[in-house]
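Okay, structure first, notes after.
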């Protein structure tokens, strides 16, 4: 009897393993099919920073070329993950990929395709927009050393403004963010202590303040917390009617994160990083050429797979975005990228093939 | 042997009938595959997590547990200390608030409430569990946070400010206290619904006996209901704790995500699950990814211990009452 039981069991066991295997294969096939997007559609995901610009491109490009562009603004880190996992046709990130991330991605290229600024937003009820701010004060605030709004250092650059004695609550991005990369890169250039103690990155160990998820989270906490200060792309601050600082540049002028300030900063770096095509334009020199420059500007990047099934659709779209598409950025405070950046982008794009 | 055969259907039963029944065989096949794939999945997930975490485990060893750093020394030093602290404080804090609240709810609904209140309130409390955690987190940012900074925080600080856990007035709504309140809201439906079942299952002869001896309502609860359900309540608490330890999204939205250890609950902090949810996508270096997965290993061990403890308790109680 006992033997009978075991003998009867064995084929069932084998069969059940087979069932599991078949199910696994089936699931694998369906997900594989989902990853490949339909014929005339390009799928993208990544940074929230260029999302308003990409939204402006979508309708115009579909009308002109009949190719649908979809974009999921999940954050720079999410964009890098998505293109690495081949779930999208293009990824977008405000931070250039690190060597480790290039390794994970395996056969990817990155090129700058838009240009804008990171604004420093604040919530001080009753006080005007565009108060003055300097890099060292910002570093002091995020290091937890400058704690009150009526600190003598802040008063010194805002003469005649009645600053309250409330606590400053610095707010930062808790998720992996290209805007954080831009902002911490800037703090690195203005504060030695910041550079040695914290450093730059899409995520860093913030010494003071509170984290919030996404640009929406940061602006949400800032707008609901009197005395708070946070950073997000300028389009975001404008759209949400938040006040933002004029920040002092190295020419000692206070510049706003507007088109003029971005345009002036755009030419600060002409040496592309050979792997990521990074151009770092934060805190340009104090020469007359950069007198109007806003010091916290950034290029934002698109990431493509060198071998892509959609290369025949991707290459025309990226070329269009680098050239014709740039003009639609101005109302959204995206300054058209300079010619040498366009040329470099086109050269990099040549590597992409089906 | 004979008893065991009666209890175990399946192939033995099929064989005894002497006839092959395709329907029964299929049922056996499908259910067996489902059960096996569940176990297989757990094994595969555990293996994958260990493989991914290996670089960090190798580099930091157990000192990872006692290091309070995240990406320090130019992104070479990672540690879990502040996240373990944050996880422990928020989950036990929530347990401390949720347990008496849940017991009160369960007692009221099973022993005291009139029928119509029972029928309306019980499903509503269970529905609390149906709120997606991301929605609860959003509510935490938009409503709970400002309420803590504006009203609740100053009031608590004013009366209990001498306690180190309420030492400062909250300046921002994202802090450990907010996370504790959110987790409490998530725990209450779990603990209270289990307790309700437990209290209902207390034999009415026992309660009637106590009442007949002249016991008051409170004495019945204290002397009969609680002792009878004691182990079950402990298991319910552990299940609630497991929920709190693993909660990522709602916590990451309200806790303030700071790598720090403060006794003060009105300061920001972070938990294991929240850190993983916040930074897994787009981590800068391979070591950061491995360290995040190392956090997941710790979390997995926590949850396994909690669940096993709960199962042990339930089994012990079942054995005592001869329930099989």
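Quick note: the coordinates plus some simple rules give every number you see, no bench work behind them. These figures come from a predicted structure and were not determined experimentally. Quick reminder, even Gly has a Cβ in these numbers, built from the backbone with ideal geometry, and neighbours come from all protein chains shown.
Given contacts defined as C-alpha pairs under 8 Å and at least six residues apart, what's the relative contact order of the range A:173-236, whole-number percent?
Details: 68 pairs, mean separation 22.6, N = 64.
RCO, the range A:173-236: 35 percent.
Please work out how much length the chain gains when fully extended from residue B:126 to residue B:305, using 0.36 nm per residue of separation minus the C-alpha to C-alpha distance, in nm with one decimal.
Using 0.36 nm per residue and subtracting the Cα-Cα distance, I get 61.8 nm.
For the range B:78-321, what does the alpha-carbon gyration tensor say about shape, rounded, prolate or oblate, given a ≥ b ≥ c as the root eigenvalues, a/c under 1.5 as rounded, and a/b over b/c as prolate? Don't skip to the end; give the middle numbers.
Working: a/c = 2.30, a/b = 1.63, b/c = 1.41.
Judged from the Cα gyration tensor, the range B:78-321 comes out prolate (a/c at least 1.5, a/b above b/c).
Taking Cα centroids, how far is the range B:184-234 from the range A:188-255 in Å?
Spelled out, the Cα-based centre of one part sits 53 Å from the other.
Between helix A:51-65 and chain A, what is the angle of the helix's C-alpha long axis to the longest principal axis, kept within 0 to 90° and rounded to the nearest 10?
60
Taking beta carbons within 10 Å but only from partner chains, what does the mean come to for residues A:218-231? Please report the intermediate quantities before stating the final value.
Details: counts 0, 0, 7, 7, 1, 0, 10, 8, 4, 2, 3, 0, 0, 0.
Mean partner shielding for this stretch: 3.
Between residue B:169 and residue B:108, take the C-beta separation as r, use R0 = 41 Å, and let me know the FRET efficiency to the nearest 0.05.
FRET efficiency, residue B:169 to residue B:108: 0.75.
For residue A:340 paired with residue A:86, estimate the spin-label separation in nm (one decimal), with each label point 7 Å from Cα along the Cα-to-Cβ line.
Modelled inter-label distance: 3.8 nm.
Name the shape class, rounded, prolate or oblate, that the alpha-carbon gyration tensor gives for the protein assembly as shown, where a ≥ b ≥ c are the square roots of its eigenvalues, rounded holds for a/c under 1.5, and otherwise prolate holds if a/b is larger than b/c and oblate otherwise.
Working: a/c = 2.50, a/b = 1.42, b/c = 1.77.
It comes out oblate by the Cα gyration axes.
What order do you get for A:309-317, B:191-199, B:128-136, A:204-212 when each peptide is scored by the mean count of other beta carbon atoms within 10 Å, highest first? Before the final figure, lay out the partial values.
Numbers: A:309-317: 17.8, B:191-199: 22.1, B:128-136: 14.0, A:204-212: 24.1.
The peptides rank, most packed first, as A:204-212, B:191-199, A:309-317, B:128-136.
At residue B:143 and residue A:289, where each label point lies 7 Å from the Cα along Cα→Cβ, what is the point-to-point distance in nanometres?
My value for the distance between the label points is 5.6 nm.
Show that you can apply the helix-only estimate: for chain B, add -39,500 (n - 2.57) for every DSSP H stretch of four or more residues, divide by all residues, and state [θ] at 222 nm to the nearest 500. Write out the running numbers ahead of the final one.
Numbers: 15 runs with 220 residues, N = 324.
-22000 deg cm²/dmol, from helical runs alone.
Under the 0.36 nm per residue contour assumption, what length would be gained going from the current alpha-carbon distance of residue B:26 and residue B:96 to full extension?
Length gained between residue B:26 and residue B:96: 20.4 nm.
Set the Förster distance to 35 Å, then compute FRET efficiency between residue B:151 and residue A:238 from the Cβ-Cβ distance, nearest 0.05.
Values: r = 32 Å, r/R0 = 0.91.
The formula returns an efficiency of 0.65 here.
Using 7 Å Cα-to-Cβ label points, what is the residue B:35/residue B:208 separation (nm, one decimal)?
Going from the residue B:35 label point to the residue B:208 one covers 4.0 nm.
Relative to the longest principal Cα axis of chain A, at what angle does helix A:339-349 sit, 0 to 90 degrees, rounded to 10?
Around 10 degrees separate the two axes.
Let a ≥ b ≥ c be the square roots of the eigenvalues of the Cα gyration tensor of the range A:40-134; is it rounded (a/c under 1.5), or, if not, prolate (a/b larger than b/c) or oblate?
Details: a/c = 2.85, a/b = 1.48, b/c = 1.93.
Oblate, because a/c is 1.5 or more while a/b does not exceed b/c.
Efficiency by 1/(1 + (r/R0)^6): what FRET value for residue B:47 and residue B:135, r their Cβ-Cβ distance, R0 = 25 Å, to the nearest 0.05? Intermediate results must be reported in sequence, preceding the final value.
Numbers: r = 34 Å, r/R0 = 1.35.
The computed FRET efficiency comes out at 0.15.
Based on the mean of other Cβ atoms within 10 Å per residue, sort peptides A:88-101, B:101-114, A:285-298 so the most packed one is first. Display every interim value, and only then the final one.
Details: A:88-101: 25.7, B:101-114: 17.8, A:285-298: 20.4.
Final packing ranking: A:88-101, A:285-298, B:101-114.
Could you tell me how far the Cα centroid of the range B:81-159 sits from the Cα centroid of the range A:114-158, in Å?
Centre-to-centre distance over Cα atoms comes out at 37 Å.
Calculate how steeply helix A:178-190 sits against the longest principal axis of the alpha-carbon atoms of chain A, using the helix alpha-carbon long axis, and give the answer as 0 to 90 degrees to the nearest 10.
Its long axis makes an angle of about 40 degrees.
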